[in-house]
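Just so it is clear, none of the values below were taken in a lab; they were calculated from the coordinates. Since the structure is predicted, the reported quantities are computational estimates derived from the model, not experimental observations. Using ideal geometry, Cβ is built from the backbone for each residue, glycine included, and neighbour counts are taken over all protein chains shown.
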């Protein structure tokens, strides 16, 4: 076997010869439960896109701060995470933002 002349070639030869690297032919395809999860994710993205079309860009932008609220609720319900007081204050502020924006009339629009 010819020897490599540079340090870079030695490192590459060592990495290729390493038994710890995965072989691409041994990568498995997803099992059926993962296929169901993928399909649910695709359906969720479809619903998200459809909802954005129904709301329109200006109303959808008002509800962007609610994404962390939804993620927090799912984290508590599904993963059993605990929320601190400071985090609850932040969630409260994130919820009140869209509420105040939608309920308080803009003085320039009121005639």
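Here are some notes:
- Take the Cα radius of gyration of region 63-103 and divide it by 2.2 N^0.38 Å, N being the number of residues; the result is 1.21.
- Fully extending the segment from residue 37 to residue 53, taken as 0.36 nm per residue of separation minus the present Cα-Cα distance, adds 3.3 nm.
- Inter-label distance, nm, simple model (7 Å from Cα along the C-beta direction), residue 102/residue 46: 2.6
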